[in-house]
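Remarks on the structure that follows.
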Protein chains: 2
Amino acid sequence: MALSYRSLGIDTSYEHVIYMHAECHVCHSEGFAAQTRLEVRANGRSLIATLSIINGDLLRQDQVGLSLAAEHSLGLQTGDAVYVTHVPVLASEGLLRAKIFGQRLDRPAMQAIIADAVSGHLSELHLSAFVTACAGDRLDIDEIVALTEAMVAVGERLDWPYDVVVDKHCVGGLPGNRTTPIVVAIATACGLVMPKTSSRAITSPAGTADTMEVLTNVDLDIAAMRRVVSQTGGCLAWGGAMLLSPADDILIRVERPLDLDSDGQLIASILSKKIAAGSNRLLIDLPVGPSAKVRSVEAAERLAARLVTVGKVLGLPVHPVITDGMQPVGRGIGPALEARDVLQVLRNEPQAPADLRERAILLAGRLLEIGGRTTDGRRLAREVLTDGRAWRQFQVICEAQGGLREVPAPVLVHVVTAEQCGHVAGIDNRTLARIAKLAGAPRSAVAGLDMHVHVGERVEVGQPLFSIHAQAPGELRYAQAFLATQVLPIRLEER
Amino acid sequence: MALSYRSLGIDTSYEHVIYMHAECHVCHSEGFAAQTRLEVRANGRSLIATLSIINGDLLRQDQVGLSLAAEHSLGLQTGDAVYVTHVPVLASEGLLRAKIFGQRLDRPAMQAIIADAVSGHLSELHLSAFVTACAGDRLDIDEIVALTEAMVAVGERLDWPYDVVVDKHCVGGLPGNRTTPIVVAIATACGLVMPKTSSRAITSPAGTADTMEVLTNVDLDIAAMRRVVSQTGGCLAWGGAMLLSPADDILIRVERPLDLDSDGQLIASILSKKIAAGSNRLLIDLPVGPSAKVRSVEAAERLAARLVTVGKVLGLPVHPVITDGMQPVGRGIGPALEARDVLQVLRNEPQAPADLRERAILLAGRLLEIGGRTTDGRRLAREVLTDGRAWRQFQVICEAQGGLREVPAPVLVHVVTAEQCGHVAGIDNRTLARIAKLAGAPRSAVAGLDMHVHVGERVEVGQPLFSIHAQAPGELRYAQAFLATQVLPIRLEER
């Protein structure tokens, strides 16, 4: 029986909530209680939502409300007819339980789970159990292949009318390591095709999409992306808007609050996006350091080997590059601060961070070799960056995406100074990333950290070590309060 | 800065939701967004809630609302002052992540996680990850001991002025196996002290507390329980109201939708409740069958050995009894239908299910031996049941708890009949339990299944196999729809 829609204007982000009156006849006849998961149909579409029961006069007994995202997804307006039923029993729940108890998931099992995740039939609780059951080396190679295929299968898949389409990816864990915009500018300035889609941050203070969004529009649909790539040879777009591996975005939503990003899921996440994006040569940057995501060269080699193996099974040649991940790259950590560093490098400004510049040249050089443009990639990359071609190409890409924007000025800044003198002996990437996130990154573009020292430098008492940037006073206080409970993430030692 | 409370009357069950206006100055200055988890303080109390953002006029900009359970928990009324801040960073999140990645959790780690679970600081996502990371044999004996201790530590702990306090528990998985009310009546009629606290269903269609709630008030506080036990020697109460191992209730809330109940968590769940309830002799019934929770005698012996070991470390002698779990016990599955069977046995009615009666005599007999009342427990148990002493004692206990109630009459009944003839070769407990739950058990007391056949019986075409009982038409349809997709859970074979 139909209920009548009423817009309540309640924003619950991605979570779908349905509001029904305590005396609603459908609730009674169907036996619905608060927190029941329900299937909601309207306008020929459907979704799954969790029930909140209204006592009082926010709704009439024959009315139903939805949270904003669900309302938009079903295209509802006040007065529209809505049908509400129980969620059907899912085979994927049994498969998930089998995985939790240590059984392997085969290809149809992975497909069932990922399909139900994308349709919203599996709850956040189930997804949390899924990513946990797959973490800590509990996916073997066949399962990673099956997961990757399943993630590709539920999304769009691009194909390009070019023989060579290159892509790069960094496994992350290194704050400020924002080489991608520079690499895309260099590679495409040299004639490579590089339709770069990036994700937003998973557990870091900024993803490439968050940083690029400071500088231009990254929310391209597939048609817009094709246009930009045919005009410029490249793009720097957010992948989420394109429904390339939408399962990845859904799993990330659960992994982020758990601060969880395991090998198997990492490989499936990276490769599903790249396969869906249609690239056929993939460079992967694996920074190694005691507080980077990959902590030892052995772990990096193991991850690299698995990436190559899974890539080979799925027809995508993967070229891993293991790099130094001892300390943050550049000076900025957070969307706007990293965008500032990127522009300084592209513009060859004297204060441009040398480490970011050198990493970008290294990676772009390797890509130029993989893409068959030269046998001495670093030389060519350095030349193109130094003579301004990369900067001009970057502007061309941003203009094609909707225009190059200025980096916003800092709002609230708190400078952390040295209370003793000494040499910088170590920098804790994880604690720095945590502070940057507590300060509001990546949600607030201007939030993050500005680093004032590097490993090996001499520091005097009172000298600035890093600054915390925030948009809101509450977030600045929150980051400061956390810092006060921690060992200083810049380790100073007397020599 | 304080906001002003406004009651919105929104019931979200146990989940705490806070509602704030999109233009609220606190949201802006603190950087809160929808789905942010917040600490809410009022009237000297605090809790954690998830933010929903209100666009429109349900709230003014300086007002804040809470879901009903949170409103009650803080004792709020419209106009009261409410303070909202970020949730502090939790050490337990890092410990949980370590467990996910395969590290062991020691005693302080378990205590930190369980304390944050009980305080509501860990979200449902985190709890789902925790129970998943502990499932499938991923807790060793030391971790199970640490988890059990941590669960005892966060709750109340009863002590009794009696030398011998007995208790029993069934690991479950066998629908209709409702021996506890009968066992308590027999044991206490023979002078044993048995202050029985029971849980509600985790993954089954009814727990003992659900069934007993049909017959009497089970929602006793500790003072009421002490009074009932001192008057009668026993009680049949719901443990959840007493804050004995409240962590168990919180973990169960996550395990239920995941349909997950693993060995380590099962042992900690059982033993934490029993230690907190102050018993010093524990009988554990382990039914074994291909579709019971424990599927083989080997698995039962392994679980029994671990229960004994963990019990010994924690000072509680455990006596396991492995029983036949081939098919449901009695006829009813679901709170009211099981209560009916229990009363038939206690009243020695001719139609009383013999299997339920014999199991109760077996278990009560063993308890009488463990408790030192006799060396031939089964003989004494049978005598006390047959001569009506157990039934009189049961009435005395129910009267002390607030009065014995009638079993409610069925509401909606759908009879499933045989479409072929044959002998009943097997019964699938899991599918039956699933159907009973889809029909509304245990939430609707009258919902469940009434079994009309047992293994080995001859069945003719058209003969009733079982009936589905429901309170609401939607739930009956839902159970029927599921049954239609399944192999019939009563397997008929020609001999």
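Throughout, read-outs are computed from the coordinates displayed, never taken from laboratory work. In this text, all values refer to a predicted model and were calculated from it rather than measured experimentally. A quick note on method: Cβ atoms are made from the backbone with ideal geometry, for glycine too, and the neighbour counts reach across all protein chains shown.
Descriptive notes on the structure:
- Within the range A:3-86, antiparallel bridges make up roughly 70 percent of the DSSP beta bridges whose residues both belong there.
- Between the Cα long axis of helix A:222-232 and the first principal axis of chain A there is an angle of about 20°, rounded to the nearest 10.
- The range A:366-413 and the range B:295-373: distance between their alpha carbon centers, rounded to Å: 73 Å
- For the range A:359-428, with +1 on Lys and Arg beta carbons and -1 on Asp and Glu, the positive-most of A:412, A:425, A:397 along the dipole: A:397
- The shape of the range A:412-493 can be summarised by an equivalent ellipsoid whose semi-axes, obtained from the alpha carbon gyration tensor, come to 22, 12, 11 Å from longest to shortest.
- Take each residue of peptide B:475-487, count the partner chain Cβ atoms within 10 Å of its Cβ, and average: the result is 2.
- Three-way shape label, chain A, alpha-carbon gyration tensor, a/c 1.5: prolate
- Its Kirkwood hydrodynamic radius, worked out from the mean inverse distance over all distinct Cα pairs, puts the range A:368-476 at 17.3 Å.
- Averaged over peptide B:32-40, the number of partner chain Cβ atoms lying within 10 Å of each residue's Cβ comes to 3.
- Against the main long axis of the alpha-carbon atoms of chain B, helix B:107-118 sits at an angle near 80°.
- The lysine pair tally for chain A, using Cα distances under 22 Å and a gap of 8 or more places or different chains, is 13.
- Average beta-carbon neighbours from other chains, 10 Å sphere, peptide A:437-444: 1
- Distances in nm from residue A:305 to the matching label points in the other copies, shortest first (labels 7 Å along Cα to Cβ): 3.6
- Sequence-separation-based contact order of chain B, relative, with Cα cut under 8 Å and 6+ spacing, percent: 14 percent
- Across the identical copies, the 7 Å label point of residue B:77, projected outward along Cα→Cβ, sits 4.4 nm from its counterparts, in ascending order.
- When the range B:91-153 is reduced to its Cα atoms, the Kirkwood hydrodynamic radius in Å: 11.4 Å
- Looking at the protein assembly as shown, the DSSP beta bridges with both ends there are about 60 percent antiparallel.
- C-alpha long axis of helix B:91-100 to longest principal axis of chain B, angle in °: 50 degrees
- Expected 222 nm ellipticity per residue - DSSP helices of 4 or more, -39500 (n - 2.57), all of chain A, to 500: -12500 deg cm²/dmol
- For chain A, size of Cβ-based charge dipole, Lys and Arg +1, Asp and Glu -1, in debye: 860 debye
- Label-point separation in nm, residue A:137 to residue B:486, each point 7 Å along Cα→Cβ: 3.9 nm
- Any cysteine of the protein assembly as shown lacking a neighbouring Cys Cβ under 4.7 Å - listed by number: A:134, A:170, A:190, A:235, A:398, A:421, B:134, B:170, B:190, B:235, B:398, B:421
- Equivalent ellipsoid of the range A:319-385: semi-axes from √(5λ) of the C-alpha gyration tensor, largest first, are 23, 15, 9 Å.
- In nanometres and ascending order, the distances from the residue B:409 label point to those of the other copies are 8.0 (point 7 Å from Cα along Cα→Cβ).
- The range A:209-340: C-alpha gyration tensor shape, a/c 1.5 cut-off, then a/b vs b/c: oblate
- This model, with +1 at the C-beta of Lys and Arg and -1 at the C-beta of Asp and Glu, gives the range B:122-208 a dipole about its Cα centre of some 520 debye.
- One quarter of the convex hull surface built on the alpha carbon atoms of the protein assembly as shown amounts to 42.6 nm², the projected area averaged over directions.
- Projected area averaged over orientations for the range B:3-86, convex hull of C-alpha atoms, nm²: 4.5 nm²
- B:421, B:27 arranged by Cβ crowding within 10 Å, fewest neighbours leading: B:421, B:27
- Tensor-based shape of the range A:269-393 (alpha-carbon gyration tensor, a/c under 1.5 rounded, otherwise prolate or oblate): oblate
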